[in-house]
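This report refers to the structure that appears directly beneath it.
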Amino acid sequence: MLKDYFKTIFQAIQSLFTGMKLTGYYFTHLKEIQTEEYPDNRATLKMAERFRGEVIMPHNEDNEHRCTGCQACEIACPNGTIKIITKQEVLADGKKKKRIDSFIYHHDLCTLCNLCIVACPSDAIKMGQTFEHSVYDKKLLKKILNKPGSKLMEGVE
Amino acid sequence: MNLLGEDIVNENGEFVINMGPQHPSTHGVLHLKIWLQGETILRVQPHLGYIHRSIEKMSESLSYRNFIFATSRMDYLSAHINNLACALCVEQGLEVEVPERAKVIRLLMAELTRLSSHQLWWGSTGLDLGAVTPFFHAFREREGILEVIEETCGARLTQNYMVPGGVMMDLHPDFQRKTKAILKQVKEKISEYHELLSGNIIFQQRTQGVGYISPEDAVSFGMTGPCARASGVSCDVRKWYPYSGYEGVQFDEILETGGDCYARYQVRMKEMMQSVSIIEQLIDSIPEGEIQAKTKNVLKLPKGEFYQKVETARGELGVYIVSDGAASPYRVKYRSPNFSNLSAMSHMAKGAKIGDLVAIMATMDLIIPDIDR
């Protein structure tokens, strides 16, 4: 009985050293440490290609986007994150056409599920790779994605 | 008197305390009311509802394409598998044939998720029982797996990668190479896991013989997953009701007979190796072809009831959809594994010491958002 008691104590110390040996190994092999020193590594930090941070609307150099205002993304969104306000615009040839007035994106409601991107028929929106979104006021998370004065790109219907 | 206005020692001389909802070892907002006689637990009563988000009711107003994303927030550590269950259930109603490539990708993702989930469980179990180092070791391998998942799916935890008819995006070109690298690493490091924790005498004495549940009780409480398999109940949905191509891969259902915390620990450790072997079988033979079956723009399930069950990292997840023929489900019900497993906790903890309750909770691997939904 007493022998078992001391045996257990010995085994406990032994297993403690087995664990400590492993810790010691990593303590002396600094190359195997895999932690990243965020935010000090901001300059070199690269997010994955498909990382989903926020919905963005790419514009070209002439301040043109590809959004036709079809509202497919608005229907596809499970949370009511996207609201598209359209307007009637008179084109150069006198025809009236539907164009977007503002593409409102509520970032605070967004779960980044990618369903709007998949639903978009004209590749107007995509996922941005930024991830530092914290702000002091919730209102700042309501974003208008089309830039002021932007137009629909030629040839996108 | 406590905050609820009850006497701390009740009329039978029992000491009543509350553990949680802010207790660090409950992994979330689980609130346990514990009746004690000295240090011995008489009974445990879980109080639920702290993280209820009404996912089932919410799904009734969403279309069949949209309601899947919410299941990632139930059992967030096996989000892929939850999404898979929903997608399979919708496909069952639509009667679409999923392309072979999509099936294999789904299986790979499901097993990677299971692996990462078990690794997080291993780390947090160590942490709950007083060992801090395992947590960092577990997160190192889990990070590698999450990077692989992130590269293909675009998100680490709530991926929403499964869509009715297939998967959302094709695999990343680096997927195979990186998966093989991480599998090699996992296989090497699992021996370190055993060295660090499984062989530790203190850990063994805190888990062996603690929280015993007999196979009969496990069945009658409706326990599934590794918790039931540790009692010797064969209940792996992947074996009994194969779905999404599990019939084509070779793997063993891990069964232990101990029924205690240590047996539950062993089951999960061995399941990790099984997941590795499943991924290894599939990784070199991903068929080429489509990743999504052609489906209509607006999905409508025929009138009727559809049920699909899958094996998540914690047990059997059932998705039950009642359809009235409209574009959104009439009723959705999730049979979540953690809810049933939790019901056995009072039985397991009876007669144990209060310190053992943490060991029981840790090895049951409870995810609280899955209990409340």
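Using the charge dipole of the protein assembly as shown (Lys, Arg: +1 at Cβ; Asp, Glu: -1 at Cβ; taken about the Cα centre), state which of A:TYR136, A:ILE85, B:TYR246 has its Cα farthest towards the positive end.
It is A:ILE85.
What whole number of Å gives the distance from the Cα centroid of region B:313-373 to the Cα centroid of region B:104-133?
18 Å
Add -39500 (n - 2.57) for each DSSP H run of 4 or more in chain B, then divide by its residues: what number comes out at 222 nm, to the nearest 500 deg cm²/dmol? It would help to have the intermediate numbers written out before the result.
Values: 14 runs with 163 residues, N = 373.
Theoretical 222 nm ellipticity from helices: -13500 deg cm²/dmol.
Mind checking A:15-21 for the average number of partner chain beta-carbons within 10 Å of each residue's beta-carbon? Write down the numbers at each step before the final one.
Details: counts 10, 3, 0, 5, 11, 2, 2.
Whole-number average of other-chain Cβ neighbours for A:15-21 is 5.
Restricting to DSSP loop positions (anything but H, G, I, E, B) with no more than 16 other Cβ atoms inside 10 Å of their own Cβ, which GluC sites (Glu not before Pro) remain in region B:266-342?
Details: sites: B:GLU271, B:GLU280, B:GLU288, B:GLU290, B:GLU305, B:GLU311, B:GLU316; in loops: B:GLU288, B:GLU290.
Here the GluC sites (Glu not before Pro) that fit, given the DSSP loop and packing criteria, are B:GLU288, B:GLU290.
Measure nothing fancy, just the Cα-based angle from helix B:133-153's long axis to the longest principal axis of chain B, in degrees from 0 to 90, nearest 10.
20 degrees
Between 0 and 90 degrees, rounded to the nearest ten: what's the tilt of helix A:2-28 against the longest Cα principal axis of chain A?
Once rounded, the angle reads 40 degrees.
Need the C-alpha centroid separation for region A:102-157 versus region B:226-256, integer Å.
Each part's Cα centre sits 43 Å from the other's.
Within 15 Å, Cβ to Cβ, of B:TRP240, how many net charges do the neighbouring residues add up to if Lys/Arg are +1 and Asp/Glu are -1?
Details: positive: B:ARG229, B:ARG238, B:LYS239, B:LYS309; negative: B:ASP236, B:GLU247, B:ASP252, B:GLU253, B:GLU311, B:GLU316.
So the surrounding residues net to -2.
What is the distance in Å between the Cα centres of region A:4-24 and region B:38-62?
40 Å
What is region B:84-203's relative contact order, in percent, from Cα pairs under 8 angstrom and six or more apart in sequence? Numbers along the way, then the final one.
On the way: 92 pairs, mean separation 32.5, N = 120.
Relative contact order here is 27 percent.
Ignoring ligands, DNA and RNA, please state the percent of accessible area on the protein assembly as shown from carbon and sulfur, probe 1.4 Å. Walk me through the intermediate numbers first.
Working: 13890 of 25130 Å².
Percent of accessible area from carbon and sulfur atoms in the protein assembly as shown: 55.
Excluding B:TYR307 itself, what net charge comes from residues whose Cβ is under 11 Å from its Cβ, given Lys and Arg +1 and Asp and Glu -1? Let's see the in-between values first.
Values: positive: B:LYS309, B:LYS333, B:ARG335; negative: B:GLU305.
Cβ neighbours under 11 Å give a net charge of +2.
What net charge do the residues around B:ALA70 carry, taking every other residue with its C-beta under 11 Å from that of B:ALA70, with Lys and Arg at +1 and Asp and Glu at -1?
+3
Which GluC sites (Glu not before Pro) does region A:44-81 hold that lie in a coil by DSSP with at most 11 other beta carbons within 10 Å?
Values: sites: A:GLU49, A:GLU54, A:GLU61, A:GLU64, A:GLU74; in loops: A:GLU49, A:GLU61.
Counting only loop positions with at most 11 other Cβ atoms within 10 Å, the GluC sites (Glu not before Pro) in region A:44-81 are A:GLU61.
Going by alpha carbons, how many degrees (0 to 90, nearest 10) lie between the helix axis of B:79-94 and the longest principal axis of chain B?
50 degrees
Spit out the partnerless Cys residues in chain A, using Cβ distances under 4.7 Å as the pairing rule.
A:CYS67, A:CYS70, A:CYS77, A:CYS110, A:CYS113, A:CYS120, each lacking another Cys Cβ under 4.7 Å.
Using only the Cα atoms, what convex hull volume per residue in Å³ does the protein assembly as shown have? Walk me through the numbers before you get to the answer.
On the way: hull volume 104.5 nm³, N = 530.
Output value, Cα hull per residue: 197 Å³.
Take every Cα pair under 8 Å in chain B that's 6+ residues apart, average their separations, divide by the length, and report that relative contact order as a whole percent. Please report the intermediate quantities before stating the final value.
Details: 718 pairs, mean separation 96.6, N = 373.
26 percent.
The values are calculated or read from the model by the stated rules, or taken from the named source; none is laboratory data. The structure presented is a predicted model; accordingly, all values stated were derived computationally and were not measured. Neighbour counts run over all protein chains shown; Cβ positions are idealised from the backbone, glycine included. The accessibility values were calculated without ligands, DNA or RNA, using every heavy atom of the protein model including side chains. Shrake-Rupley method; radii C 1.70, N 1.55, O 1.52, S 1.80 Å.
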